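K.L.:
Take a look at the following structure, please.
The values are calculated or read from the model by the stated rules, or taken from the named source; none is laboratory data. Only a predicted model underlies this, so the values are computations on that prediction, with no experimental measurement involved. Virtual Cβ from ideal backbone geometry, glycine too; neighbours counted across all protein chains shown. What goes into the accessible areas is simple: the full protein's heavy atoms, side chains included, and nothing from ligands, DNA or RNA. Shrake-Rupley method; radii C 1.70, N 1.55, O 1.52, S 1.80 Å.
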Amino acid sequence: MRFDVLTLFPDLFAGYFTQSILKLALDRGLVEIHLWNIRDWAKGKHNSVDDRPFGGGPGMVLMPGPVFDCVEDVQAKAAEPGLLVMLTPGGERLTQAAVKDLATHKRLLLLCGRYEGFDERIRLGLQPREISIGDFICNGGEVPAMVVIDTVIRYAPGVLGDEESVAEESHNEPGRLEYPQYTRPRVFRGMAVPEVLLSGNHPEIAQWRREQSARRSQKKANQP
């Protein structure tokens, strides 16, 4: 699986790539991530990538020229152009179902915005799939891009030590939350592990987990 991250701040990703499951996946060649600085495609004396919005208003808007050139050049750097994903608060919500669908693509280009957002012609001309990680505003698309990578790589073959981990996780089925988990010690500050988990009776354990999952899921569904 290959990710191409198109951003004005590639250095933000440096620490993220050196930790945990992602680092192992990169070291083993299961995942490729390439960083591209949109400013490298800027024209003119000052390498400008943004300008004031027509019609007035606060902030600056990303210009279409550098973004189009960056996307088109990066798409050509591999045999498969991949799926272009624009990280934007106006996009579809990133759900587990959306993550599964993104994971079916061998290559994703993640386009990270900044400032007041993208010139509308970037949407109209490049026709990206627009993704939002929630109804709030980040300083840019970099953190949402990390969220997309972090969730999608879990479906890449070989990335997780136990492939069943994904099947048992929260939201693998819409609205379903995972059951409670316990480990040693058996009693901690007066809180004991449920006896059923110590029984060795696997059908009863499975039943308990289903009931706990349903209870948690219902509780969340009833929250305002």
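K.L.:
Test of understanding: express the Cα radius of gyration of segment 78-159 as a ratio to 2.2 N^0.38 Å, with N the residue count.
P.N.:
Computed over Cα atoms of segment 78-159, the ratio equals 1.07.
K.L.:
What is the projected area of the convex hull of the Cα atoms of segment 1-57, averaged over all directions, in nm²?
P.N.:
For segment 1-57, the mean projected area of the Cα convex hull comes to 6.0 nm².
K.L.:
With the full set of protein chains in place, find how many percent of the accessible area of the chain is carbon and sulfur; take the probe as 1.4 Å.
P.N.:
52
K.L.:
Considering the Cα positions of the chain, please state its Rg to one decimal place and its Dmax as a whole number of Å.
P.N.:
Over the chain's Cα set, Rg and Dmax evaluate to 21.7, 72 Å.
K.L.:
Rolling a 1.4 angstrom probe over the protein heavy atoms, how many square angstrom per residue are accessible across the chain? Spell out each step's value before the answer.
P.N.:
Values: 13310 Å² over 224 residues.
Counting only protein heavy atoms, the per-residue value for the chain is 59 Å².
K.L.:
Would you work out the relative contact order for segment 102-224, in percent, from Cα pairs under 8 angstrom that are 6 or more residues apart? Walk me through the numbers on the way to the answer.
P.N.:
Numbers: 65 pairs, mean separation 24.5, N = 123.
After rounding, I find 20 percent.
K.L.:
With labels modelled as points extended 7 Å from the Cα through the Cβ direction, what inter-label distance (nm, one decimal) is found for ARG123 paired with GLU92?
P.N.:
1.5
K.L.:
As I understand it, the value is the acute angle between the Cα axis of helix 142-152 and the longest principal axis of the Cα atoms of the chain; what does it come to in degrees, rounded to 10?
P.N.:
With both axes taken from Cα atoms, the answer is about 50 degrees.
K.L.:
Note the per residue figure in Å³ for the convex hull of the C-alpha positions in segment 1-122.
P.N.:
So the per-residue Cα hull volume is 132 Å³.
K.L.:
Can you list the residues, at least 5 places off or on another chain, whose amide H is less than 5 Å from the amide H of ASP50, using H built in the peptide plane?
P.N.:
Hits under the 5 Å cutoff: MET63.
K.L.:
A further question on this structure: Given points 7 Å out from each Cα along the Cα-Cβ axis, report the GLN212 to ASP11 separation in nanometres with one decimal.
P.N.:
Output for this residue pair reads 4.6 nm.
K.L.:
May I pose another question? Only loop residues by DSSP count here, and only those with at most 10 other Cβ atoms within 10 Å; note down the chymotrypsin sites (Phe, Trp or Tyr not before Pro) in segment 23-113 that meet that.
P.N.:
Passing both the DSSP loop test and the Cβ count: PHE54.
K.L.:
Hey, another quick one. Karplus couplings for segment 194-210 from phi (6.51 cos²θ - 1.76 cosθ + 1.60, θ = phi - 60°), rounded to Hz, Gly and Pro as x?
P.N.:
Working through the residues one at a time gives x, 4, 4, 6, 9, 7, x, 8, 5, x, 5, 4, 4, 5, 4, 5, 4 Hz.
K.L.:
Check which residues have an amide H placed less than 5 Å from LEU109's amide H, if you skip close sequence neighbours.
P.N.:
ASP4, LEU83, LEU84, VAL85
K.L.:
With an 8 Å cut-off on Cα pairs and a minimum separation of 6 or more residues, tell me the relative contact order of the chain in percent.
P.N.:
Normalised by residue count, the contact order of the chain is 21 percent.
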